[in-house]
Amino acid sequence: MNPRRADGRGAGELRPLEITRGYTRCSPGSVLIRTGDTLVLCTASVEESVPQWMAGRGRGWVTAEYDMLPGSTGERRQRSRRRLDGRSTEIQRLIGRVIRAVVDFEVLGERCIWLDCDVLQANGGTRTAAITGAFVALADAVRWLRAEKRFSRSPIREPVAAVSVGKVDGRLVLDMDYDEDARAEVDFNVAMTASGKLVEVQGGAEGGTFTRAELDRMLGMAATGIRQLIAGQRRALRKRITT
């Protein structure tokens, strides 16, 4: 017997994915990503400079910021006017690390691409949705830079995406929503490239344990899910933006 989850999915199924490019007009890369009931706005902005510690090296940089808007959860969340909480800081560092893994900084040249990920509605998997959407925003910013003849070839080596996987009520499941994540005995976030290279495996047990065999199965489930997410990124990038 293989019971369905609360939303009707099987254990190894992703939530419905929607990627809308050109969602706002002011940034060269702007993406609204929806994974189930989680909504994240990802924008990519270009600065023709790099952090001071990188200046003069002829290499570029990619960095990320992440936050949750006040109405993104059931109870109003205070704005981060002065400093981010530890969770948001950790997540934006994760997004930056993952995206930088697929960028050639020498080709990018001495400029910085900022990836801003703002959660509009949270129902689990906000960090993984942000990574998946931020890559598409980055790809559009790179297209804009190439159209502006800032460089001749793309600095993006390959696509990257991320997904959660865990153990809930003794069962291994992919792409957890909030209710599943809240009661998960094991919770991992996995980021992987299109060629199958792992960029980040983040997580562990939360009130339970897991075996090596279960870890291998979870990584396999994540790999399958990420291939589907990257296929979704590619479909979105093939579409013409109409604004």
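The values are calculated or read from the model by the stated rules, or taken from the named source; none is laboratory data. The structure presented is a predicted model; accordingly, all values stated were derived computationally and were not measured. No Cβ is skipped: glycine too gets one built from the backbone with ideal geometry, and neighbour counts run over all protein chains shown.
Observations on the structure shown:
- Filter pass, R97 being touching a residue at least 60 places away in the same chain (Cβ under 8 Å), surrounded by fewer than 18 Cβ atoms within 10 Å (Cβ to Cβ), outside any strand (DSSP E or B) and among the basic types (K, R): yes
- Segment 21-51 - residue that is among the hydroxyl-bearing types (S, T, Y) and in contact (Cβ under 8 Å) with a residue 40 or more places away in the chain and, of those, farthest from V163 (Cα to Cα): S49
- Qualifying residues in segment 197-218 (those that are closer than 19 Å to E13 by Cα and of a type outside the set (A, V, I, L, M)) - the one surrounded by the most Cβ atoms within 10 Å (Cβ to Cβ): R217
- Answer from R100, R87 - the residue that is more than 24 Å from M176 (Cβ to Cβ) and out of contact with any helix residue (DSSP H, G or I) (no Cβ under 8 Å at 6 or more places or on another chain): R100
- Residue in segment 72-90 that is surrounded by fewer than 20 Cβ atoms within 10 Å (Cβ to Cβ), of a type in the set (A, V, I, L, M, F, W, C) and over 19 Å from C42 (Cβ atoms) present: no
- Whichever residue in segment 138-194 is out of contact with any helix residue (DSSP H, G or I) (no Cβ under 7 Å at 6 or more places or on another chain) and of a type in the set (A, V, I, L, M) and, among such residues, is surrounded by the fewest Cβ atoms within 10 Å (Cβ to Cβ): A147
- Residues that are polar (S, T, N, Q) and part of a loop (DSSP other than H, G, I, E, B) were ranked within segment 12-51; the one that is modelled with the lowest pLDDT is S49.
- Test result for D116, in contact with a Cys (Cβ under 8 Å, 6 or more places away or on another chain) and of a type outside the set (G, A, S): yes
- Residues located in segment 52-70, provided they are within 23 Å of the chain's Cα centre (by Cα) and either without any contact (Cβ under 8 Å) to a residue 24 or more places away in the chain or assigned to a loop (DSSP other than H, G, I, E, B) (or both): G60, L69, P70
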